[in-house]
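Here is the structure we will look at.
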C-alpha cells in the first residue's frame with residue numbers, strides 16, 4: 001500500500017468509490033469521469049505502479065483481472081466492450097497504480 005495513492009485509499013475504504021466487486025486481491029468500481037455509458041476499473045489491492053513493473057509472480061493476478069473484465073462486463077449488460085491499460089505518463093496513465101479500464105455501451109450522454 002502507498003499512503004498517497006488514491007487507489008490504495010479506495011482499497012482500504014479511506015476514500016469512497018462506487019465499488020461493485022471486491023475480493024481479497026482486486027476490486028472493481030465505476031470511473032468518476034466515465035468515457036462511455038459503462039466505464040469501470042479493475043484494480044489490484046496490491047500497489048503495483050504500472051504494467052511494466054509486473055513480474056512472473058503477477059501472472060495469475062493479471063489473468064484474473066482479464067477474466068474478471070469479461071464477467072463484470074457481462075453482468076453490466078455489455079455485449080461488446082473495450083479494455084485498456086495505460087502504461088506510464090506517455091501512455092496516458094494518470095494514477096500510478098495498475099488498473100484495467102473496461103468501456104462499453106456507447107458514449108456518455
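The values are calculated or read from the model by the stated rules, or taken from the named source; none is laboratory data. Not measured: the values here are computed from a predicted model. A quick note on method: Cβ atoms are made from the backbone with ideal geometry, for glycine too, and the neighbour counts reach across all protein chains shown.
Can we say residue 18 is at pLDDT 95 or above and exposed (fewer than 15 other Cβ atoms within 10 Å of the Cβ)? Considered against the rule, which asks whether it is at pLDDT 95 or above and exposed (fewer than 15 other Cβ atoms within 10 Å of the Cβ), residue 18 comes out as yes. Across segment 24-53, which residue is nearest to the chain's Cα centre (by Cα) among those that are part of a loop (DSSP other than H, G, I, E, B) and farther than 17 Å from residue 94 by Cα? The extreme case among them is 45.
Here is a yes/no grid of residues against (1) crowded, with 17+ Cβ neighbours inside 10 Å; (2) modelled with pLDDT of 95 or more:
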position: 4; (1), (2): no, no
position: 7; (1), (2): yes, yes
position: 25; (1), (2): no, yes
position: 49; (1), (2): no, yes
position: 70; (1), (2): no, yes
position: 79; (1), (2): no, no
position: 91; (1), (2): no, yes
position: 99; (1), (2): yes, yes
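With the structure loaded, tell me whether residue 106 is surrounded by fewer than 18 Cβ atoms within 10 Å (Cβ to Cβ) and part of a helix (DSSP H, G or I) or whether it fails that test. Let's see the steps before the verdict.
Details: surrounded by fewer than 18 Cβ atoms within 10 Å (Cβ to Cβ): yes; part of a helix (DSSP H, G or I): no.
Spelling it out, it is not the case that residue 106 is surrounded by fewer than 18 Cβ atoms within 10 Å (Cβ to Cβ) and part of a helix (DSSP H, G or I).
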